[in-house]
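Peer 1: Sharing a structure with you now.
The values are calculated or read from the model by the stated rules, or taken from the named source; none is laboratory data. Predicted model, so just to flag it, every value in this text is computed and none were measured. Because the Cβ atoms are built from the backbone with ideal geometry, glycine has one as well, and the counts that use them run over all protein chains shown. Only protein heavy atoms, including side chains, enter the accessible area calculation; ligands, DNA and RNA are left aside. Shrake-Rupley method; radii C 1.70, N 1.55, O 1.52, S 1.80 Å.
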Amino acid sequence: MKKIAVALCGSALLILGACTSGYKEKAEQDSLKIVELTTNYEEATSFNDSLMLLMADIYNGLDSINMQEGLLYNISNGEHDRRAEVRHNLSAIKERLAKNHALLDQMEKKMRDSGNQNAVLTKTIEQMKVRLNDQDNHIAMLENQLAVANDSIVALNQQVADKEMQVQVQTEAKDAAFNAWQESEQQLNTVYYAMGTNKELKQNGLLEKKFLGETKVLKGDVNENYFTKADKRTLTSIPTGAKKIKIWTNMPAGSYEEVKNPDNTITIKITNPNEFWNYSPYLVIQLD
C-alpha cells in the first residue's frame, strides 16, 4: 500500500507540474498579447488625437474666417479707411483658408500613411473640402465685388470732383453777380452833399455866377472831393451848424424839414428819402 501511495503522489505531482507549466506559458502569451494590444491602442489613440487636433485647428480656422467675414460688413470708418480695412480682412481670410487647406491635406496624408480608413473621418474630411471650396468661391466673389466697387468709387469720385468744380464755377458766378448787384445797388443809393459859404461853393465849382447872369449849380469844373458821400437809405438828417441855410439843388419841398436846434442852428431832416433824392443824387447847401 505504501508503494502505491507513493506512486500516486508522484503521478499527481507530474500532472500538476505539467498543468502549472502550461498555465505559465499561456499567461506569458497573454501578457505579450496585452502589451501588443496596449501598444496598438496607444498608437491608435495617438493617431486619433493628432487627427482631432488637426480637425480642431481647421474648425478654429473656419470660425476665424466667419468672424473676419463678418467684419467686412461692420466697418464704420471713413470711405478710404473702409476700403483699406476690407482689403486687409480679405487678405487675412485668404491666408486662413490656405492654412486650412494645408491642414486638411496633412490630415488626409496621416490617414493614408496609417492605413486606418475611418469612415466617419473620411466623410468629415470630404465635408470640410466642400466647405473650404465654397469659401474659396465666396472670397473670390467678394474680391470681384471689391474690384467692381473700386471702379465705381473711382468713377463716382470723378463725378463728385466734376460736380464740385461745376458748383464752384456756379458759386463764383453767383458771387460775382451778387457783388455786381451789391455794387450797383450801392451806386444807386449813393448820394453826395456839400455845405459851405457862397464863396466856398464857388471856389469848388459848385456854384457859378457871371456878371448879371443867373447862378448855375454844378455846371462848371466841380471839385468832387468837396462832397461828403453817404447812403440815402441810412442818411436821415444833416446837421448844418448854421443858423441860416439855402439849398441850391432842386429838392422837393415836402420831402424834408428844416429843424431848428436849441442853439438856433439848423438840421435838415429828410422825411422821404426816395422823393428827396429823386431829381439828383447831389445836395448843395449854402451856409450863411
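Peer 1: Using a 1.4 angstrom probe with every protein chain in place, what is the largest-first accessible-area order of Arg87, Arg96, Arg112, Arg131?
Peer 2: Arg112, Arg87, Arg131, Arg96
Peer 1: Let me ask something additional. Between Glu126 and Asp263, what is the label-to-label distance in nm when each label sits 7 Å out along the Cα-to-Cβ direction?
Peer 2: 11.6 nm
Peer 1: While we're on this one: Short version: what are the Cα gyration tensor semi-axes of region 124-188, square root of 5 times each eigenvalue, largest first, in whole Å?
Peer 2: Value: 60, 8, 4 Å, ordered largest first.
Peer 1: Order these peptides, 259-265, 236-242, by their mean beta-carbon neighbour count within 10 angstrom, highest first.
Peer 2: 236-242, 259-265
Peer 1: Whole angstrom only: what separates the Cα centroid of region 119-141 from the Cα centroid of region 158-214?
Peer 2: 81 Å
Peer 1: Then there's this: Here are some pairs, Lys94/Lys163; Lys163/Lys229; Lys209/Lys232; Lys199/Lys232; Lys210/Lys243; which of them have Cα atoms lying more than 32 Å apart in this structure?
Peer 2: The pairs that break the limit, which is 32 Å between Cα atoms, are Lys94/Lys163; Lys163/Lys229.
Peer 1: At 0.36 nm per residue, and after removing the present C-alpha to C-alpha distance, how many nm does the segment from Ala84 to Asn179 gain when stretched out fully?
Peer 2: That pair, Ala84 and Asn179, stretches by 29.7 nm at full extension.
Peer 1: Provide the per-residue ³J(HN,Hα) series for region 221-228, in order, calculated from phi with Karplus coefficients 6.51, -1.76, 1.60 and θ = phi - 60°, each as a whole number of Hz, with x at glycine and proline positions.
Peer 2: Whole-Hz 3J(HN,Hα) from phi for region 221-228: 7, 8, 7, 5, 5, 6, 7, 9.
Peer 1: Give me the accessible area of His88, 1.4 Å probe, in Å² rounded to the nearest 10.
Peer 2: Taking all protein chains as shown, His88 has close to 120 Å².
Peer 1: Fully extended, how many nm does the chain gain between Ser91 and Glu275 (0.36 nm per residue separation, minus their Cα-Cα distance)?
Peer 2: 58.3 nm
Peer 1: Let me ask something else. Relative contact order (percent) for region 156-288, with alpha-carbon contacts under 8 angstrom and 6 or more residues of separation?
Peer 2: Relative contact order of region 156-288: 27 percent.
Peer 1: Stretched out fully, how many nm does the piece from Asn225 to Leu188 gain, at 0.36 nm a residue minus the Cα gap?
Peer 2: 11.4 nm
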